[in-house]
1. Quick one: in segment 104-145, of everything that is farther than 19 Å from Tyr31 by Cα and of a type in the set (Gly, Ala, Ser), which residue is surrounded by the fewest Cβ atoms within 10 Å (Cβ to Cβ)?
2. For Gly5, only one of the following conditions fails: (1) modelled with pLDDT of 95 or more; (2) of a type in the set (Gly, Ala, Ser); (3) surrounded by 15 or more Cβ atoms within 10 Å (Cβ to Cβ). What is its number?
3. Report the residue count in segment 88-106 for those that are not polar (S, T, N, Q) and not in a strand (DSSP E or B).
4. Take the residues in segment 26-58 that are under 23 Å from Arg14 (Cα atoms) and of a type in the set (D, E, K, R), then tell me which one is surrounded by the fewest Cβ atoms within 10 Å (Cβ to Cβ).
5. Evaluate segment 12-34: report whether one residue or more is out of contact with any Pro (no Cβ under 8 Å at 6 or more places or on another chain) and under 28 Å from Asp130 (Cβ atoms).
6. Among the residues of segment 67-93 satisfying the criterion of being without any contact (Cβ under 8 Å) to a residue 40 or more places away in the chain and under 19 Å from Met23 (Cβ atoms), which is surrounded by the fewest Cβ atoms within 10 Å (Cβ to Cβ)?
Amino acid sequence: MRKRGIHGVNIDIRIPFFDVDMMHVVWHGHYIKYIEEARCALLESMSYGYEAMRDSGYAWPVIDLQLRYMNPAVFGQNITVRAELVEWEHRLKIHYLILDTASGQRLTRASSVQVAVSIANREMQLASPDCLLQAVANLAIDQVT
């Protein structure tokens, strides 16, 4: 059983023609683009998107990415991509689920791990910086009010 996140967002995508192969099935590499869009929406919902990360002095490179394909997405299909924050104290771990919007059928699940790296000296941080911890704390405050 996968760990549930403390905060999540959904985005909807209609599969474009240029993402599919000659069989009208999405090429496996495009799923990474879909989860990246969901990750951006999740981080923006926390007021800690990529511009805020940069402005706080940290880059957050992806150090691990895992995908499990269950069913193919196809041209013209509407999909929903869910991103959930599951870890944040020492690294940023996000779980993803890609579903067929109409039926709810699972198509793909994934997870990504990012770590904070100081932009000034390119040193990896062993704990998440206060700016991320504060963004997560603000989520908890917003959910209570």
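The values are calculated or read from the model by the stated rules, or taken from the named source; none is laboratory data. Predicted model, so just to flag it, every value in this text is computed and none were measured. Here the Cβ positions follow ideal geometry from the backbone for every residue, glycine too, while neighbour counts run over all protein chains shown.
1. Filtering segment 104-145 for residues farther than 19 Å from Tyr31 by Cα gives 115-145.
After this cut, where a residue has to be of a type in the set (Gly, Ala, Ser) as well, the list is 116, 118, 120, 127-128, 135, 137, 140.
Values: Ala116: 24, Ser118: 13, Ala120: 8, Ala127: 11, Ser128: 21, Ala135: 22, Ala137: 12, Ala140: 11.
My answer is Ala120.
2. All conditions are met except number (1).
3. Taking segment 88-106 and keeping what is not polar (S, T, N, Q), we get 88-100, 102, 104, 106.
Adding the requirement that they be not in a strand (DSSP E or B) leaves 88-91, 102, 104.
Adding up the residues that qualify gives 6.
4. As a first pass, look at segment 26-58 and keep what is under 23 Å from Arg14 (Cα atoms): 26-45.
Checking the rest, the ones that are also of a type in the set (D, E, K, R) come to 33, 36-37, 39, 44.
Values: Lys33: 11, Glu36: 16, Glu37: 14, Arg39: 25, Glu44: 14.
Here the answer is Lys33.
5. Kept after step one, since they are out of contact with any Pro (no Cβ under 8 Å at 6 or more places or on another chain), are these residues of segment 12-34: 12-24, 27-34.
With under 28 Å from Asp130 (Cβ atoms) added as a condition, the list becomes none.
Within segment 12-34, not a single residue is out of contact with any Pro (no Cβ under 8 Å at 6 or more places or on another chain) and under 28 Å from Asp130 (Cβ atoms).
6. By that ranking, first place goes to Met70.
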